[in-house]
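What follows is one structure encoded as structure tokens, with my remarks underneath.
The values are calculated or read from the model by the stated rules, or taken from the named source; none is laboratory data. None of these values were measured; they are calculated from a predicted model. Here the Cβ positions follow ideal geometry from the backbone for every residue, glycine too, while neighbour counts run over all protein chains shown.
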Amino acid sequence: MIRITREEFDPAGLLEEARSAELGALVSFLGIVRDDGIERMDLEAHEEVAEQDLFRIRKEAIARFGVHRVDIVHRIGSLSVGDHIVMIIVGAPHRKAAFQGCEYVIDQIKESVPIWKKEYTARGSRWVPGEHE
Amino acid sequence: MIKVHIRSFARFRELFGDRFEVEVCQPATIRSVVQAVGQRNRDGLQELMDGEGKVKRSVILLINRERITGEGRENHPVAEGDEVAIYPPVAGG
């Protein structure tokens, strides 16, 4: 499943959906809004391109690491501390490929997918700088 | 003159607007389109162009949803009706 959504998602439910008899390893990454003294965070995306990029990243992870399953759910809209931002689930017969695939997916999202975060604090707001600025 | 559709996001959306059109002379290039966008805001040009008048490397550009990269990207042609998207560096995940 590849999805960009304004709705909350259920990590446990997504993991359960990803289970299958051939997958001996499911590695997941869950990104959460950290309490850095912020009141909320707005996430914005160029949705059509972001979704197209997530499909590309999934295809690359499968080709590079031989993983069998990649799910990516990314929230946009207004989020509060503790809310889920992104969940990635990578399934493979064995753990090594699943770990490598999962790290690859989150690194690629941070590098290239057109999504931005704006943080709001009591003193004002700021755009979160990208890791690749 | 040709009309080019622009979409901009995040910090650039706040500076320039999210969807609008610019008119540029032919033959149009990425550089001429970015200059036209930058002129919509007092601080716009310095956000998008460096001191030598080149498009900053940190500015991400797409034409019709395809990224335009590489050293010669400023000279990439832009045609009537193209959609040019302009991004600051991304920060998802």
Residue by residue through segment A:120-133, note down the ones that are under 28 Å from residue B:65 (Cβ atoms) and surrounded by 14 or more Cβ atoms within 10 Å (Cβ to Cβ). A:127, A:128, A:130
Which pairs have Cβ atoms under 9 Å, sit 6 or more apart or on different chains, and link a residue in segment B:10-38 that is away from every other protein chain (no Cβ under 14 Å) to one that is aromatic (Phe, Trp, Tyr)? B:37/B:12; B:37/B:16; B:37/B:20; B:38/B:16
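Please count how many residues of segment A:36-46 are charged (D, E, K, R) and within 10 Å of another protein chain (Cβ to nearest Cβ). Before you say what the answer is, go through the steps one by one.
Taking segment A:36-46 as the starting set, the residues that turn out to be charged (D, E, K, R) are A:36, A:39-40, A:42, A:44.
Remaining after also requiring within 10 Å of another protein chain (Cβ to nearest Cβ): A:42, A:44.
Total satisfying the criteria: 2.
Does residue A:7 satisfy the condition of being among the charged types (D, E, K, R), surrounded by 13 or more Cβ atoms within 10 Å (Cβ to Cβ), modelled with pLDDT of 95 or more and farther than 14 Å from residue B:93 by Cβ? It would help to see each step written out before you state the result.
Working: among the charged types (D, E, K, R): yes; surrounded by 13 or more Cβ atoms within 10 Å (Cβ to Cβ): no; modelled with pLDDT of 95 or more: yes; farther than 14 Å from residue B:93 by Cβ: yes.
No, not satisfied.
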Unique match (being closer than 21 Å to residue B:86 by Cβ and touching a Lys or Arg at 6+ places or on another chain (Cβ under 6 Å)) among A:128, A:73: A:128
Enumeration of residues in segment A:1-18 that are in contact (Cβ under 8 Å) with a residue 60 or more places away in the chain and farther than 25 Å from residue A:118 by Cα: A:1, A:14, A:15, A:18
Those residues of segment A:87-118 which are more than 7 Å from chain B (Cβ to nearest Cβ), charged (D, E, K, R) and crowded, with 18+ Cβ neighbours inside 10 Å, in sequence order: A:118
Looking at the structure I just gave you, is residue B:6 touching a residue at least 60 places away in the same chain (Cβ under 8 Å) and either more than 14 Å from chain A (Cβ to nearest Cβ) or of a type in the set (Ser, Thr, Tyr) (or both)? no
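Going by the conditions given, is residue A:51 modelled with pLDDT of 95 or more, exposed (fewer than 11 other Cβ atoms within 10 Å of the Cβ) and within 23 Å of residue A:100 (Cα to Cα)? Give the derivation first.
Working: modelled with pLDDT of 95 or more: yes; exposed (fewer than 11 other Cβ atoms within 10 Å of the Cβ): no; within 23 Å of residue A:100 (Cα to Cα): yes.
It is false that residue A:51 is modelled with pLDDT of 95 or more, exposed (fewer than 11 other Cβ atoms within 10 Å of the Cβ) and within 23 Å of residue A:100 (Cα to Cα).
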Among the residues of segment A:70-107, how many are more than 19 Å from residue A:13 (Cβ to Cβ) and within 10 Å of the chain's Cα centre (by Cα)? 3
Selected residue (criterion: nearest to residue B:85 (Cα to Cα)) from residues of segment B:39-52 that are out of contact with any helix residue (DSSP H, G or I) (no Cβ under 8 Å at 6 or more places or on another chain) and modelled with pLDDT under 90: B:42
Filter result (out of contact with any helix residue (DSSP H, G or I) (no Cβ under 8 Å at 6 or more places or on another chain) and of a type in the set (S, T, N, Q)) within segment B:53-78: B:58, B:64, B:69
Quick one: count up the residues across segment A:15-35 that are in contact with a strand residue (DSSP E or B) (Cβ under 9 Å, 6 or more places away or on another chain), under 19 Å from residue A:110 (Cα atoms) and either more than 10 Å from chain B (Cβ to nearest Cβ) or modelled with pLDDT under 95 (or both). 5
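Looking at A:14, A:43, A:23, which one is crowded, with 18+ Cβ neighbours inside 10 Å and over 17 Å from the mean Cα position of the chain (by Cα)? Can you show your working first?
Values: A:14 fails: over 17 Å from the mean Cα position of the chain (by Cα); A:43 fails: over 17 Å from the mean Cα position of the chain (by Cα).
It is A:23.
Which of the strands (runs of 3 or more DSSP E) contained wholly in chain B include at least 3 residues that are surrounded by fewer than 16 Cβ atoms within 10 Å (Cβ to Cβ)? Full working, then the answer.
Numbers: elements: B:2-8, B:19-24, B:60-63, B:83-87.
By residue number, B:19-24.
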The condition from (1) in contact with a Cys (Cβ under 9 Å, 6 or more places away or on another chain); (2) under 20 Å from residue B:87 (Cα atoms) that residue A:44 misses is numbered (1)
